[in-house]
Each structure stands twice: as structure tokens, then as C-alpha cells.
Amino acid sequence: MIDLGSGTSPVDDPYVAQKLDSALRSDGFCYLTGHGVPERHIQNIFAANRQFHALPEVDKTAISINPTHRGYIGQGTNTTLSSSVETPTRPNSSESFIAMQQVDPDHPRWGTAIFGPNQWPDSLPSKFRIDLESYYGSMECLARQLVQRLAVALGYSFDAFNEFFLDPTVFLRLLRYPIYENNTPAGTYGSAPHTDHGFLTLVAQDMNAGLEVCSPDKGWLAVKPIPGTFVLNVADMLSLASGGRWPSTPHRVVLSNSERYSVAFFFDPSFDTTMQPLGSLNKSIENKQSIHYGTYLMNRFDENYDYRS
């Protein structure tokens with residue numbers, strides 16, 4: 001549990017930096033408090049989440065995920081084939097709505113990869129979009145602050161990562177996980193074991209458990225919901241940038257006898273960023289690895305989402 005000081009702690013605060021480094025070296029995950037995101041924005045985004053998933057199926061499928069990865073992802077259309085933990089036997093049992101960063105039609109990549117229009121349900125009032133955009137704005141402020149805090153935690157200046165986020169790739173995902181039924185097939189997960197493909201992930205949970213993290217020493221550990229917190233986890237690009245100091249930890253969502261809602265905010269580098277270890281924090285690295293984020297992202301999408309085929 002790391003208190004960011006509700007905005008009163010500067011991004012180069014050595015105490016917070018040490019706490020972040022200690023937590024992320026151990027687990028790749030931590031809880032955040034004092035994050036400064038208004039409580040009303042969190043309440044509104046969960047209300048919007050429930051409101052969207054209560055729509056008739058025909059209304060949701062009318063905005064099924066488009067070629068630029070925005071819109072509704074239905075049950076059984078996402079299988080975590082890129083898992084490094086276990087081979088999935090069934091699609092994920094969840095449904096979700098995805099909005100991304102605003103992209104204008106004059107963008108040079110418009111209509112390709114993840115550069116296209118968001119989709120909004122016609123059957124919901126404008127407040128739905130307003131609440132999502134308000135939450136998005138608050139979370140982007142928090143994520144940009146964390147990008148600077150994480151650079152300090154790795155021993156660099158606060159602006160060491162800034163060049164990677166000139167045009168960040170951002171996903172806001174409203175998730176619903178159904179109740180586990182007696183006839184649910186074996187091997188069914190809400191989300192099969194996986195690591196996240198980007199830089200950092202911030203998850204808001206309702207009060208129903210389900211998120212679990214794979215500890216090298218203790219196996220699968222429950223990340224119990226704690227009111228007023230976000231769960232922060234290291235994703236693949238941040239682990240790479242840290243030279244492996246911080247693991248991109250496998251995690252999963254298991255189903256239970258309660259319906260579960262969560263909101264995931266993924267803050268990732270610019271599409272054309274080439275990521276590599278920033279320094280020699282890990283002395284075992286002799287040849288610096290580099291990964292083009294956009295290529296890596298699209299390969300993950302091609303493996304895991306039915307619409308990509």
C-alpha cells in the first residue's frame with residue numbers, strides 16, 4: 001500500500017520512490033492511495049459500467065469492437081493465447097467496452113492499427129460519454145504523474161520516460177465478469193493468466209474479489225478489493241525499461257458466485273516508440289533488447305482477439 005500523498009508529495013519524493021521500487025521489485029503490483037482522483041469520478045465510472053452492461057445485447061453489438069480496437073467485446077470473443085503461464089482451453093468469460101485516446105481524422109495513421117474513432121452507444125444519454133471522459137482525464141493526470149515517479153524510483157530524473165509518451169496509447173476498459181455457474185466448463189476464467197502488454201495498468205475494483213497475482217514463492221494470491229485504492233501493475237514495456245528489475249507479473253481473474261465489475265486504465269507509450277532498458281540496473285544484461293511497442297501491441301491483438309482474424 002503506497003500513499004502518493006493526495007497530490008501533496010512531489011514526484012521526486014525519495015520516500016515514495018523507495019516504496020514503489022520495493023513493492024514492484026517484489027511483486028510487480030501494489031495498491032495506491034492518496035492518488036487524487038475525485039471519488040465522484042470513480043462512482044460515476046462504475047455507474048456507467050453497470051449501465052452499459054445492462055443494455056440489451058442488440059444495443060451493445062451495434063458497436064462491436066472496430067478494426068481500431070474500440071467498442072464492445074462480447075462474451076467468448078477474447079482468448080488469451082499469448083499467455084506465458086498456461087495454455088488456455090476456453091475463451092475468457094467476460095464482456096467489456098473500450099474507449100481510447102481521441103484521434104483526429106487528419107492523423108497520419110488514421111484508419112490503421114489503433115488510430116480511429118471511438119464508438120458510443122446511441123441508447124445511452126450523453127452523460128455516459130461525459131462520465132467516461134471525466135474519468136479518463138483524471139486517470140491520465142495520475143498516470144503521467146506515475147510515469148515520473150517510476151523514473152525516480154528507478155534512479156533516473158523524473159523526466160526520463162517523458163519522450164515515450166508524446167502521443168500515448170491509452171485504453172479505458174469497462175469490464176463485467178459473470179457469475180460462476182455449476183455448469184461452467186472447467187478451465188473457464190474471467191481472464192486467463194497473462195501479463196499486460198504496455199507500460200502501466202491502473203485497476204479500480206468493485207467489492208467482489210476475483211483478481212489474482214502469481215507470486216514466484218506463494219503461487220496465486222488474491223488481490224482483495226480495498227475501498228479508495230487503485231491496483232497498479234507493471235506491464236511488459238515498463239519491465240523491459242527497468243532492465244528486468246520490475247517483473248511484469250502474470251495475473252488472472254477467477255469467477256465466483258458474485259457478478260464482478262472492474263475498470264482498467266492502460267497507459268502505454270506512443271505507438272512508434274522503441275523500448276529498451278534505460279540503463280545498467282541489471283548487470284546481467286549484456287546486449288540491450290529493444291522492442292517496437294506498436295508492433296508488439298498489434299501482435300498481441302492478432303493472437304488474442306477474434307475480430308483480428
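The values are calculated or read from the model by the stated rules, or taken from the named source; none is laboratory data. Everything numeric in this text was worked out from a predicted model, so none of it was measured. Here Cβ is always computed from backbone atoms with ideal geometry, including for glycine, and neighbour counts include all displayed protein chains.
Annotations for the structure displayed:
- Condition check for SER22: touching a helix residue (DSSP H, G or I) at 6+ places or on another chain (Cβ under 8 Å) and of a type in the set (Ser, Thr, Tyr): no
- Residue within segment 54-61 that is surrounded by 20 or more Cβ atoms within 10 Å (Cβ to Cβ), touching a helix residue (DSSP H, G or I) at 6+ places or on another chain (Cβ under 9 Å) and not polar (S, T, N, Q) present: yes
- The residues of segment 222-243 that are farther than 15 Å from TYR296 by Cα and in contact (Cβ under 8 Å) with a residue 40 or more places away in the chain, listed by number, are VAL223, ILE226, GLY228, THR229, PHE230, VAL231, LEU232, ASN233, VAL234, SER242, GLY243.
- Selection within segment 114-144 - aliphatic (A, V, I, L, M) and closer than 13 Å to ALA47 by Cα: LEU124, ILE130, LEU132
- Considering residues of segment 89-112 that are touching a Gly at 6+ places or on another chain (Cβ under 7 Å) and not hydrophobic (A, V, I, L, M, F, W, C) only, the residue surrounded by the fewest Cβ atoms within 10 Å (Cβ to Cβ): THR89
- Counted residues, segment 185-198 - those being closer than 25 Å to ALA48 by Cβ and either touching a Phe, Trp or Tyr at 6+ places or on another chain (Cβ under 6 Å) or aliphatic (A, V, I, L, M) (or both): 2
- Qualifying residue in segment 172-189 (condition: outside any loop (DSSP other than H, G, I, E, B), small (Gly, Ala, Ser) and modelled with pLDDT under 95): no
- Members of segment 106-135 found to be without any contact (Cβ under 8 Å) to a residue 60 or more places away in the chain and within 29 Å of VAL16 (Cα to Cα), listed by number: GLU133
- Residue within segment 58-79 that is in a helix (DSSP H, G or I) and either of a type in the set (A, V, I, L, M, F, W, C) or within 18 Å of the chain's Cα centre (by Cα) (or both) present: yes
- Of the residues ASN282, ASN304, ASN257, ASN287, the single one that is among the polar types (S, T, N, Q), modelled with pLDDT under 95 and crowded, with 20+ Cβ neighbours inside 10 Å is ASN304.
- Residue in segment 117-129 that is assigned to a loop (DSSP other than H, G, I, E, B), touching a strand residue (DSSP E or B) at 6+ places or on another chain (Cβ under 6 Å) and of a type in the set (D, E, K, R) present: no
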